[in-house]
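Take a look at the structure set out below.
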Amino acid sequence: MQQLLALSPWQRMISFKIFQRKNPAPQRVTSGRFEIERDGEVAYLEYSLSGDILELIHTEVPVQLRGHGIAALLAEHALQFARARKLRVDVICPLVRSHIEKHPEYADLLMG
C-alpha cells in the first residue's frame, strides 16, 4: 500500500486502470410507477425492472383515496404486467406481499 502511495497521481491512475474491467457488462434498469388518478390525487406503486426481474418497491395511496381498493388494483395490475411479460417478481412492498397472500395464483411469479 505504501508503495502505491509513493507513486505520483498519474502513476496511481495508470495502476488503477489496470485493475478495472475492460468491457463492463451493460446494465439496463428501468424505474417507474404504476399509477391511478382519482379526484386529482395520484396513487402509485413504484417499481424497478432489470432484465426479467420486476421489483415492486413501494405503494402510496393518498389519504382521500384509501379504503377503496386502489392499492389492490395497483398490485393486481403490476402482477398481471409481470405475468404477461414472463417476469419474475421481487416483492419489497408489504402491501403487495399481502395481496399475493390473498391471491395465491400469483405465488408462482415470486423469486425464490
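The values are calculated or read from the model by the stated rules, or taken from the named source; none is laboratory data. Just so you know, these numbers come straight off a predicted model, no measurement behind them. All Cβ positions, glycine included, derive from the backbone under ideal geometry; neighbour counts span all protein chains shown.
Results for (1) surrounded by fewer than 19 Cβ atoms within 10 Å (Cβ to Cβ); (2) among the acidic types (D, E); (3) under 16 Å from L110 (Cα atoms); (4) modelled with pLDDT under 95, shown as yes or no for each residue.
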{"site": "Q20", "(1), (2), (3), (4)": "yes, no, no, yes"}
{"site": "T30", "(1), (2), (3), (4)": "yes, no, no, yes"}
{"site": "L45", "(1), (2), (3), (4)": "no, no, no, no"}
{"site": "I57", "(1), (2), (3), (4)": "yes, no, yes, no"}
{"site": "V63", "(1), (2), (3), (4)": "yes, no, no, no"}
{"site": "F81", "(1), (2), (3), (4)": "yes, no, yes, no"}
{"site": "L95", "(1), (2), (3), (4)": "yes, no, yes, no"}
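Which residue pairs have Cβ atoms closer than 9 Å, lie 6 or more positions apart in sequence or on different chains, and pair a first residue in region 96-112 that is closer than 21 Å to H58 by Cβ with a second residue that is of a type in the set (S, T, Y) and surrounded by 13 or more Cβ atoms within 10 Å (Cβ to Cβ)?
Every condition considered, the pairs that remain are V96/T59; H99/Y106; I100/Y106.
Do you know which residues across region 47-66 are in contact (Cβ under 8 Å) with a residue 24 or more places away in the chain and either in a strand (DSSP E or B) or among the polar types (S, T, N, Q) (or both)?
Step one: filter region 47-66 for residues in contact (Cβ under 8 Å) with a residue 24 or more places away in the chain, giving 47, 49, 52-59, 64-65.
Residues satisfying the conditions are Y47, L49, I53, L54, E55, L56, I57, H58, T59, Q64.
Listed here are the residues, each with its yes/no results for (1) closer than 17 Å to D52 by Cα; (2) outside any helix (DSSP H, G or I); (3) touching a Lys or Arg at 6+ places or on another chain (Cβ under 9 Å); (4) of a type in the set (S, T, Y).
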position: H68; (1), (2), (3), (4): no, yes, yes, no
position: L73; (1), (2), (3), (4): no, no, no, no
position: A78; (1), (2), (3), (4): yes, no, no, no
position: F81; (1), (2), (3), (4): yes, no, no, no
position: D90; (1), (2), (3), (4): yes, yes, no, no
position: V96; (1), (2), (3), (4): no, no, no, no
position: E101; (1), (2), (3), (4): no, no, no, no
position: Y106; (1), (2), (3), (4): yes, no, yes, yes
